[in-house]
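Reviewing the structure listed below.
Values in this text are rule-based calculations from the coordinates and carry no lab data. Predicted model only: the values in this text are computed from it and were never measured. Glycine gets a Cβ as well: all are built from the backbone with ideal geometry, and neighbour counts include every protein chain shown.
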Amino acid sequence: MEVITPVACSLEQVEALLQKPLLDLVFEAAVVHREHHDPRRVQCSQLLSIKTGGCPENCGYCSQSAHHKTPVDREPLMDVDQVLAAAKAACMNGAERFCMGAAWRSVRKGEQFDRVLKMIRGVKDLGMEACVTLGMLDEEQAHQLREAGLDYYNHNLDTGRSHYDKVVTTRTYDDRLETIDNVRKAGINVCCGGILGLGEKRRGRAELLQELANLDPQPESVPINTLVQVEGTPMDGAEQLDWTELVRTVAAARILMPLTAVRLSAGRTDLDEATQAMCFLAGANSMFVGDELLTTPNPAPSTDAALLQKLSMNATPKCGGA
Ligand code: SAM
Ligand code: DTB
Ligand code: SF4
């Protein structure tokens with residue numbers, strides 16, 4: 001990928017972007033998108049929760065935090081064979097990248113980390129890209145992941161700095177940035193984004209975008225999640241985000257990070273086809289496929305296939321199925 005050094009943007013500039021008349025903003029983003037990407041193409045990743053629940057962090061949105069009583073049961077780290085069977089199925093579903101998530105605060109050395117390294121090697125042997133999200137990571141662990149062939153590490157900033165302590169208090173914003181730095185130093189692509197609808201204001205979304213866009217180099221992948229409200233979490237019942245705020249955020253992300261893959265991530269089951277189409281027009285060019293995200297539902301593959309067909313997108317999938 002072409003490397004660009006981002007020009008630092010100010011909070012005021014990002015806020016001004018987000019405040020533009022919606023269709024002017026979408027038009028501007030669509031122009032930037034078409035300068036750098038094939039507008040008919042959406043990159044498809046599939047998720048699997050390889051270790052579920054019982055996480056010591058207190059992220060207020062998360063079904064897997066041990067601090068909240070949610071419908072999600074704890075499950076230990078999966079076997080390598082089971083994970084690779086799921087990766088093969090994902091490949092047949094058209095996924096190019098397999099993303100494995102563990103409900104850990106941080107990575108610890110030992111048999112479990114070695115097992116994750118085997119999973120990564122196995123996914124690479126299938127010809128897929130590999131991504132993991134395992135919590136905090138030191139530089140040595142990041143290098144081990146890279147040696148195993150890891151393409152992407154997902155570690156989200158989640159929200160803007162000023163809203164962060166209303167969402168999670170068991171770690172700091174700078175802890176997150178440190179892990180991202182370790183990932184970067186190991187030569188792994190950075191997948192870093194956030195969640196909308198955590199009770200933040202538009203200024204909070206501007207802060208998040210400013211942090212992301214000012215990372216140097218910018219993240220190769222920016223997932224934009226909308227909160228999936230989970231019973232028993234403190235964020236359940238938060239005010240629903242209007243669809244236009246999602247479109248604005250996607251468009252601003254595209255303008256601020258022209259080369260990045262902007263992923264329309266969690267929350268697609270609540271979006272109608274027209275809203276998703278508007279997000280693709282505004283520069284979203286990646287999504288999660290498959291019936292499940294980590295612990296919550298995602299649109300069915302047949303539903304996504306119908307949407308992409310209507311939009312004349314992804315007629316020839318890169319990997320596997322229809
Ligand atoms: N424990 C690791 C961590 O937090 O980095 C990895 C797994 S964690 C589930 C991955 C990301 O999923 C979080 O950073 C958050 O941005 C997103 N996420 C988790 N629960 C969500 C929810 N209910 N709605 C939207 N996004 C969510
Ligand atoms: C990301 O930004 N979104 C994905 C992935 N990275 C790991 C996770 C979404 C999780 C949604 C809630 C759940 O299914 O538990
Ligand atoms: Fe743990 Fe990650 Fe969930 Fe936070 S988002 S509680 S770190 S699994």
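Things worth noting here:
- Lysine pairs meeting the criterion (Cα under 17 Å, 8 or more apart or interchain), as found in the chain: 9
- If you run the Gaussian network model on the chain, springs between alpha carbon atoms under 10 Å, then out of Met136, Met257, Met92 the most flexible one is Met92.
- Full-stretch length increase - Gln13, Asp291 - with 0.36 nm per residue and alpha-carbon distance subtracted: 96.3 nm
- Unit charges on C-beta of K, R, D, E only; dipole of the chain, Debye: 300 debye
- Dipole orientation for the chain: of the candidates His33, Val14, Gly232, His33 has the Cα lying most toward the positive pole (charges on Cβ; Lys, Arg +1; Asp, Glu -1).
- Using R0 = 35 Å, the C-beta based FRET efficiency linking Asp242 and Glu111 works out to 0.15.
- Legend: calculated FRET efficiency, His143 to Leu23, from the Cβ-Cβ distance at R0 = 45 Å, rounded to 0.05, equals 0.45.
- Projecting the Cα positions of His67, Val262, Gly94 onto the charge dipole of the chain (unit charges on Cβ atoms of Lys, Arg, Asp and Glu, taken about the Cα centre) puts Gly94 furthest along the positive direction.
- Beta bridges per DSSP with both ends in the chain, % antiparallel, nearest 5: 5 percent
- Taking the centroid of alpha carbons for each part, the range 234-268 and the range 43-74 are 21 Å apart.
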